[in-house]
């Protein structure tokens, strides 16, 4: 597989190897792909949680707001 990088990314990869963080440019790319894969999994999980929340129903926040008003009234007389 051949990968074309922008000059900026090519320099970034070279810098990572030069600094000794990675032994080769392939190692830098593999690590980047692992991070992308992990990030995608987190995003997918978050999207699933949002969808579950949407499907659980929406009560327009009245109970929470009522509790907040009661708390403010009891603690601060507002």
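Values in this text are rule-based calculations from the coordinates and carry no lab data. No experiment lies behind these values; they were computed from the predicted model shown.
Just a few scattered comments:
- Net lengthening on full extension, residue 2/residue 49 (0.36 nm per residue, minus Cα-Cα): 13.2 nm
- Among 43, 33, 68: highest mean-square fluctuation, GNM of the chain, C-alpha pairs under 10 Å: 68
- Principal axis box of the chain, alpha-carbon based, largest edge first, Å: 64, 32, 20
- Counting only alpha carbon atoms, the long axis of helix 7-18 and the longest principal axis of the chain meet at about 80°.
- Calculated mean residue ellipticity at 222 nm for the chain: -25500 deg cm²/dmol, from DSSP H runs with n ≥ 4 weighted as -39500 (n - 2.57), summed, divided by the residue count and rounded to 500.
- Candidates 41, 64, 14, ranked by Gaussian network fluctuation over the chain, Cα under 10 Å, top entry: 64
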